[in-house]
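Accompanying notes for the structure given below.
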Amino acid sequence: MFAYSGHKCMNMRKAYRLILAATAAATYLWACGPVDDPVNNNEKNEPETPVAAKPSEEIRQADQFAGDALNVYYLWNRQIKNDLKRLAPDTCMNPINVVHEIRYHQGSKEVDHWTQLTNNLGQMTSAVEGIGESYGYDLQAGRISNREGVYFLFVNYVTNDSPAQKAGLKRGDLIMTIGGEEITSANIYDVFNKKNVKLGIAHMTADGYLGSVEKQVDLTAVDMWEDPVVVSKTFDVNGKKIGYLVYNSFDVKSMETLPDIFRKFKSEGIQELILDLRYNGGGFVNTECELASLIAPYANVAAGDVFQTEVYNDLLAEAWKDEDFNTYFDTKHVYKTETYDISEDISDANPGISKLYVIVTNNSASASEGLIVGLGPYMDITLIGEQTYGKYCAGYMMSPANLYGSQPKTDISKIDKWGIYVMVSQFADKNGKNPANPDGIPVNIAAHDNPFDGYDLGDENESMLRVALTAAGKVYTKAPIGEGRKIDSERLEHGMPKGILIKSDLPSFSLPVVAE
């Protein structure tokens, strides 16, 4: 069972930013009884009563598994008690859709956007861990306003040592064609789902319009770990050392790399830290706690003070009444599974930061929010950017074996690849407060992400970093070179170039990842 906080074929975690999983209603197949059947035949020749097809044994087992998991572990199990009847193994034909439909609402408002049943738990888990075949880029989509049904993609960032980086792709690049064809709904997902892809790259013109294709880039996806640390560096601001870290996912493997980054920060004498979580949709609570312990005042870490508290449903609260629901700062962080054997002593890695600036957007969710919430009582934190997403709860990625044990009394022989990502708790700070609930954490200083400003992440003139460094005391004497490409407030929003509609009509979906 994996605890996540917080969003692969070709990196499904990123593809889900473009794709909204279709949820068709469950269908029933009908058959008439034979004409000579005395039970169904009558003298008046009345219409036959249709008979609903029965679920397969695999679906029956999946129905039972989903119902049991939600009944026991789901944070809102009491609120959906009556809806759980829809997962009856004798009648429910599509448990994936039903779970999506019955997750908790308050009237018409969908509260739980994240709980989901899957028939491929391995793929979902790999996506959250940042492992799988990938090109190593993060993309967003927009619609070209004067070409109906034609789209463009743009690069938010590329991962270090990835095929995208080696091919020369960089932040702000515009993708105008795929395989030499303009981008439409028929081929847009090829940028994630194909092993090989040819992309036509353009740039914005000086006056802020889309340019024509300048070059073709061939990419081949590779099986890789996408390092969530995109940038780590130190700035000198009026004699004050300020660390800067772009961190895009709380994945497990980065538990091994984060301590060394902070040891370097410590050796460079940083006093303040700018933590860039603008693209971080969450991840593992273990990694979240380690990062919190690297940032928090060392006295609180050494003392093992409370980092986060948890609230569970009444059933679990009673069953676990003797358990400690708190998560604590610590100098030692261990994560051991069949895949990982991680043991990190970070007692020499905490640099003693006196001030924390966090860059956030609506893409900052779950563990990102949990980190801010948990550190809040201990540190001076300034949030810069846009209000966070508002995923204030934690979930388990659970297989049938996790739920029923190694010798289950319930038959699970047909669903060994199935799993459920289920919201189990709400996290809060040591005082029981959670400013991420229900709609995200508001910022102290507004700023907008603009991949078209002409600067890469980590450049002191990049739009959001510039605001953070200014808040930290840096004085800019010149406007950035890319100032002429700033957003036209009458037609644009959040970095969309001229000639592009403010809102893409592409659906979007963030894969839940968790925190506690």
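The values are calculated or read from the model by the stated rules, or taken from the named source; none is laboratory data. Keep in mind it's a predicted model, so treat the numbers as computed, not measured. Note: ideal-geometry Cβ built from the backbone for every residue, glycine included; neighbour counts use all protein chains shown. Remember, those area values only see protein heavy atoms, side chains included, never the ligands or the DNA or RNA. Shrake-Rupley method; radii C 1.70, N 1.55, O 1.52, S 1.80 Å.
Name every residue in segment 443-469 that is part of a helix (DSSP H, G or I) and either surrounded by fewer than 16 Cβ atoms within 10 Å (Cβ to Cβ) or among the small types (G, A, S) (or both), in order of residue number.
Selection gives S463, A468.
Yes or no: G454 modelled with pLDDT under 95 and on the phi > 0 side of the Ramachandran plot?
So G454 passes the test.
Out of all the residues in segment 327-339, which are surrounded by fewer than 16 Cβ atoms within 10 Å (Cβ to Cβ) and at pLDDT below 95?
Correct list: K336, T337, E338, T339.
Part of a strand (DSSP E or B) and open to solvent by 10 Å² or more (accessible area, probe 1.4 Å): is that true of T382 in this structure?
When the stated conditions are applied, T382 passes them.
Tell me which residues, restricted to segment 208-260, are in contact with a helix residue (DSSP H, G or I) (Cβ under 7 Å, 6 or more places away or on another chain), under 15 Å from N280 (Cα atoms) and among the β-branched types (V, I, T).
V229, V252
Would you say Q387 is touching a Cys at 6+ places or on another chain (Cβ under 8 Å), surrounded by fewer than 24 Cβ atoms within 10 Å (Cβ to Cβ) and over 30 Å from I59 (Cβ atoms)?
Spelling it out, it is not the case that Q387 is touching a Cys at 6+ places or on another chain (Cβ under 8 Å), surrounded by fewer than 24 Cβ atoms within 10 Å (Cβ to Cβ) and over 30 Å from I59 (Cβ atoms).
Please state which one of E214, E290 is crowded, with 22+ Cβ neighbours inside 10 Å and acidic (D, E).
Being crowded, with 22+ Cβ neighbours inside 10 Å and acidic (D, E) holds for just one of E214, E290, which is E290.
Just one of I201, I274 is among the β-branched types (V, I, T), assigned to a strand (DSSP E or B) and crowded, with 22+ Cβ neighbours inside 10 Å; which is it?
Only one candidate qualifies: I274.
Take segment 399-438 and flag every residue that is assigned to a strand (DSSP E or B) and either in contact with a Gly (Cβ under 6 Å, 6 or more places away or on another chain) or under 19 Å from V111 (Cβ atoms) (or both).
Within segment 399-438, I420, Y421, V422, M423, V424, S425, Q426, F427, A428 meet the criteria.
Determine which member of the set S254, S232 is in a strand (DSSP E or B), surrounded by 15 or more Cβ atoms within 10 Å (Cβ to Cβ) and not charged (D, E, K, R).
After ruling out the rest, the residue left standing is S232.
Considering only segment 59-70, I want to know if a residue exists there that is surrounded by 17 or more Cβ atoms within 10 Å (Cβ to Cβ) and assigned to a loop (DSSP other than H, G, I, E, B).
For segment 59-70, residues surrounded by 17 or more Cβ atoms within 10 Å (Cβ to Cβ) and assigned to a loop (DSSP other than H, G, I, E, B): absent.
What number of residues within segment 286-318 are closer than 18 Å to I441 by Cβ and either under 19 Å from the mean Cα position of the chain (by Cα) or not aliphatic (A, V, I, L, M) (or both)?
6
Looking for whichever is out of contact with any helix residue (DSSP H, G or I) (no Cβ under 6 Å at 6 or more places or on another chain) and over 30 Å from T470 (Cα atoms) here; the options are E318, E344, E369. Which one fits?
Going through E318, E344, E369 in turn, the sole match is E318.
Report yes if some residue within segment 143-151 is touching a helix residue (DSSP H, G or I) at 6+ places or on another chain (Cβ under 7 Å) and buried (at least 18 other Cβ atoms within 10 Å of the Cβ); otherwise report no.
No, there is no match, as no residue in segment 143-151 is touching a helix residue (DSSP H, G or I) at 6+ places or on another chain (Cβ under 7 Å) and buried (at least 18 other Cβ atoms within 10 Å of the Cβ).
May I ask you to say which residue of N119, N77, N160, N94 is more than 30 Å from T177 (Cα to Cα), surrounded by fewer than 18 Cβ atoms within 10 Å (Cβ to Cβ) and among the polar types (S, T, N, Q)?
After applying the criteria, what remains is N119.
Looking at E318, is it modelled with pLDDT of 95 or more and either more than 28 Å from R78 (Cα to Cα) or not hydrophobic (A, V, I, L, M, F, W, C) (or both)?
No.
Keeping to segment 69-110, report how many residues are over 26 Å from the mean Cα position of the chain (by Cα) and closer than 30 Å to P438 by Cα.
Of the residues in that region, 8 qualify.
Taking into account only those residues within segment 96-149 that are in contact with a Pro (Cβ under 9 Å, 6 or more places away or on another chain) and at pLDDT below 80, which is nearest to L75 (Cα to Cα)?
Within segment 96-149, the match that is nearest to L75 (Cα to Cα) is V128.
Take G172 and tell me if it is open to solvent by less than 50 Å² (accessible area, probe 1.4 Å), among the small types (G, A, S) and in a loop (DSSP other than H, G, I, E, B).
Answer is yes for this residue.
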